[in-house]
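The values are calculated or read from the model by the stated rules, or taken from the named source; none is laboratory data. Computed from a prediction, not measured in an experiment: that's the story for all the values here. Cβ placement follows ideal geometry from the backbone for every residue including glycine, while neighbour counts extend to all protein chains displayed.
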Amino acid sequence: MQTLSVTHSTFVIEHNYPATPERVFAAFADPAKKRRWYAGGESSEVEEFQMDFRVGGNDYTRRRFREGSPFPGVALTNHTNYQDIVPHRRIVTAYTMSLGEKRISASLATFEFLPAENGTNLVFTEQAAFFEGADGPQIREQGWRKLLEQLAKELSR
Amino acid sequence: MLSQKVNINRVFHALGDPTRRAIVEKLSIRPLTVTRLAQPLDITLAAVVQHLQVLEKSGLVRTEKAGRVRTCRIEPAGLSVAERWLDDRRATWERRFDRLGDLLTEPDEN
């Protein structure tokens, strides 16, 4: 049986912020601000965070999973390229994610900053190609564990 | 699409039972024989076999008989890898946008 090696998917997240589009946009354009909300997280430590916020510019983030996380010691890297920037209105990037040495996905990410009565509606659209070949046994195991935990939570409501 | 072969209602029915969840959890680490599965769960072989039948029908588990030994393993097509990646990716961005919200509630220094 043939197995496809790439799966395509799109998802949209909308988030409302009680702040002007200018302020929300600034949190994407200013490296110190962006690092705070973008690169953080409990399961991994940020080892490198580079930004070059202009069309054609590249970002590079490397995080390493901590002990007690799904993949302790493994690096998670992100290469981003800015495709389009319209100040206070829109940012479009193309990015890849790698786990260790393996690339696991390539995506187009679109951020739209829509003025709203009470601030800004951020509309995020990710169009992703996930490389199934990147799925190692650890990831598989972790995926199942997570799934079961979520289900247990759902059922205990 | 592999995942379309799986009936989601069957999957949820199969996982709705704590013993069957325990079986899937054990098999997600490594394949096991029916006997090895039954021991730590402290249930009869017959009960394990019944649970395995439900899990097999749902597409979550596959069993193979070699001689007198039946080995059970997770059927990876049960829920596609890509779906799990996607869930992870979405959750990551949602957490980021929440943190951005926290940052934006701080007074602007400019």
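Here the stretch B:20-32 is the region considered, the condition is being surrounded by 15 or more Cβ atoms within 10 Å (Cβ to Cβ) and of a type in the set (Val, Ile, Thr), and the residue that is nearest to B:Ser58 (Cα to Cα) is B:Val24. Taken residue by residue, the stretch A:75-91 has no member that is surrounded by fewer than 15 Cβ atoms within 10 Å (Cβ to Cβ), small (Gly, Ala, Ser) and in a strand (DSSP E or B). Testing A:Asn81 on (1) closer than 24 Å to B:Leu104 by Cβ; (2) polar (S, T, N, Q); (3) away from chain B (no Cβ under 12 Å), one condition comes back false. Which one is that? Here A:Asn81 meets the rest and fails (1). One residue is enough: does the stretch A:56-72 have a residue meeting the conditions in contact with a Lys or Arg (Cβ under 8 Å, 6 or more places away or on another chain) and either without any contact (Cβ under 8 Å) to a residue 40 or more places away in the chain or of a type outside the set (D, E, K, R) (or both)? Yes, the stretch A:56-72 has at least one match. Step by step: first the residues of the stretch B:33-62, then only those that are of a type in the set (Val, Ile, Thr) and either in a helix (DSSP H, G or I) or modelled with pLDDT of 90 or more (or both), then the one that is surrounded by the most Cβ atoms within 10 Å (Cβ to Cβ). Which residue is that? By that ranking, first place goes to B:Val48.
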